[in-house]
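Throughout, read-outs are computed from the coordinates displayed, never taken from laboratory work. In this text the structure is predicted, and so the values were computed from the model without any measurement. Cβ: placed from backbone, ideal geometry, glycine included. Neighbour counts: every protein chain shown.
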Amino acid sequence: MSTLDSIEVDITVELGATTMPVHHLLRMGRGAVIELDTTENDPLRIYANNTLVAHGEVRVDEGRLRVLISEKVYRRG
């Protein structure tokens, strides 16, 4: 098991995405709202090393945000 302890995995949780010009991004101030391509009911996308591995949802428990995996994504291979 010690071999597995040295493997690094980058985990990314994506709420949604959008495209905007850099000059719009630079003009945004604190509290600005960015419209995403998803709604609050759409599943999160969970990536491991830039590969989609699961879908999930955000939960709030005792004031803490949690990401729950609701579905694994299997690659065809």
What single numbered condition from (1) more than 12 Å from the chain's Cα centre (by Cα); (2) assigned to a strand (DSSP E or B); (3) among the acidic types (Asp, Glu) fails to hold for Glu57? (1)
Would region 36-50 turn up any residue that is assigned to a loop (DSSP other than H, G, I, E, B), loosely packed, with under 10 Cβ neighbours inside 10 Å and in contact (Cβ under 8 Å) with a residue 24 or more places away in the chain? yes
Under 7 Å between Cβ atoms, which residue pairs at least 6 apart in sequence (or on different chains) link something in region 52-65 that is surrounded by 10 or more Cβ atoms within 10 Å (Cβ to Cβ) with a partner that is not in a strand (DSSP E or B)? Leu52/Val73; Val53/Val73; Ala54/Val73; His55/Pro43; His55/Val73; Gly56/Pro43; Glu57/Pro43
